[in-house]
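The values are calculated or read from the model by the stated rules, or taken from the named source; none is laboratory data. Every value quoted in this text rests on a predicted model; they were computed, and no experiment measured them. For neighbour counting, all protein chains shown are included, and Cβ atoms are generated from backbone atoms with ideal geometry for every residue, glycine included.
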Amino acid sequence: MSTFKAVRVSQDAGKASSALVDATLDEIDAGEVVIAARYSSINYKDALAVTGRGRIMTRFPCIAGIDVAGVVEASSDARFRPGDEVFVQGFGLGVSHDGGFSERVRVPADWVIPVPPGMSLLDAGTIGVAGFTAALAIHLLEHNGLTPDSGKVLVNGATGGCGSIGIDMLARRGYHVVAFTGKAESRGYLKDLGAAEVWLRSDVELGRKPLEKSQFAGALDSVGGEQLSWLTRSMQENGVIGAFGNAGGADLATSVFPFILRGVRLIGVNSNAPMAVRQQVWARIASDLKPRNLARVGFPIAIGQVIEHCELSIAGRVQGRAIVHYD
Ligand SMILES: NC(=O)c1ccc[n+]([C@@H]2O[C@H](COP(=O)([O-])OP(=O)(O)OC[C@H]3O[C@@H](n4cnc5c(N)ncnc54)[C@H](OP(=O)(O)O)[C@@H]3O)[C@@H](O)[C@H]2O)c1
């Protein structure tokens, strides 16, 4: 049986380690659809899994990678045929089911989404879980009343995957975006994505008051911790925050005052959404939220570079998204 390359995470005496391995279809998890991978992206969650810094995987060994875009090679489910361009994100992929950092991926048909008409496989792969999460967050904020006329929208963790694509989508929708970043060297990149203002984290005093200066109508937060706390205290009346990340910390210390005196809403965003929601959000990603700058955000890497790029991601040193290109 022919072999293919994959990044497999194993655990020994409680310690996770990753390796580039030769795998066979016999070894990987079952499902109705076999996909020849074309692109998969490095998400922060992948970096935690591959480096063993976070408890992401629920079983070992397991191939990492929480998303993949590719072409159906075989399907025993009538909804998919060889040659179809498809995308898979989340469910158990790369967590409890062999994942996307693999030249061949096999999954249940219920996890598979056809790439929307008019979208290339490379675009779907570059958007990945990060772009989907940013889109879901914007979708939820808009359902809570946010419009481009409401005021400024801050994007925290601006140069990351969720942040970069979130800025691109918000700018396209006509929002005034404030990119909040730790990387002074990325000003030009963030402006090119559509940020109206770039604020450096080191220049901002987070303060300790129950309510800080009222500044933002909306926010997307990849970071959590003290910065999310500051955001809750810095929203204008009826401001809405989409919280999905913990790149800077998992704690949240605030008080009830932003919520009871300003009507601030803190909205949790979980990308592992029901299929109906995924389809609705992907339809928006292909239309009114369609990113215009994916070529600036994604950069290609080979499967053999996944492990080193996961280390860079954990250190917060990546601008944009590393996309594994398979031949
Ligand atoms: N809830 C969900 O379903 C869901 C889905 C996707 C992602 N997430 C979470 O959202 C966050 C962002 O994901 P991503 O894939 O966009 O990650 P990423 O590409 O690695 O970006 C993370 C960004 O966060 C910023 N950051 C701020 N403080 C940091 C710190 N102490 N260490 C590392 N980075 C720091 C950095 O940008 P700047 O230097 O520009 O600030 C960094 O580039 C992660 O916490 C991830 O787990 C959650």
(message) For the stretch 18-47, which positions are aliphatic (A, V, I, L, M) and out of contact with any helix residue (DSSP H, G or I) (no Cβ under 7 Å at 6 or more places or on another chain)?
(response) Ala19, Val21, Ala23, Leu25, Ile28, Ala30, Val34, Ile35, Ala36, Ala37
(request) From the list Ser96, Ser102, Ser76, pick out the single residue that is in contact with a Ser or Thr (Cβ under 7 Å, 6 or more places away or on another chain) and among the polar types (S, T, N, Q). (result) Ser96
(message) Just to verify a result, which residue in the stretch 42-61, among those that are on the phi < 0 side of the Ramachandran plot and more than 11 Å from the ligand (Cβ to nearest atom), is modelled with the lowest pLDDT?
(response) Arg55
(request) Provide a single number: the residues in the stretch 47-105 that are part of a loop (DSSP other than H, G, I, E, B) and either touching a residue at least 12 places away in the same chain (Cβ under 8 Å) or under 19 Å from the mean Cα position of the chain (by Cα) (or both). (result) 30
(request) Please list, ordered by first then second residue, the pairs with beta carbon atoms under 6 Å, 6 or more apart or interchain, first in the stretch 308-320 and in a helix (DSSP H, G or I), second near the ligand (Cβ under 7 Å from one of its atoms). (result) Cys310/Ala47; Leu312/Val318; Ser313/Ala47; Ile314/Ala47
(request) Please find, within the stretch 204-230, the residue that is farthest from Thr254 (Cα to Cα) out of those that are acidic (Asp, Glu) and within 13 Å of the ligand (Cβ to nearest atom). (result) Asp221
(request) Enumerate the pairs (first residue in the stretch 252-276 and farther than 16 Å from Gly225 by Cα and within 13 Å of the ligand (Cβ to nearest atom); second residue anywhere and of a type in the set (Phe, Trp, Tyr) and part of a helix (DSSP H, G or I)) with beta-carbon separation below 9 Å, excluding pairs fewer than 6 apart on the same chain, so at least 6 apart or on different chains. (result) Ser271/Phe132; Ala273/Phe132
(request) For Ala283, indicate whether it is at negative phi, within 16 Å of the ligand (Cβ to nearest atom), of a type in the set (Gly, Ala, Ser) and loosely packed, with under 15 Cβ neighbours inside 10 Å. (result) no
(request) State whether the residues of the stretch 154-172 include one that is within 13 Å of the ligand (Cβ to nearest atom), farther than 26 Å from Ala273 by Cα and either in contact with a Cys (Cβ under 8 Å, 6 or more places away or on another chain) or in a helix (DSSP H, G or I) (or both). (result) no
(request) Specify which of the listed residues (Gly182, Gly194, Gly218, Gly151) is surrounded by 24 or more Cβ atoms within 10 Å (Cβ to Cβ) and touching a residue at least 60 places away in the same chain (Cβ under 8 Å). (result) Gly218
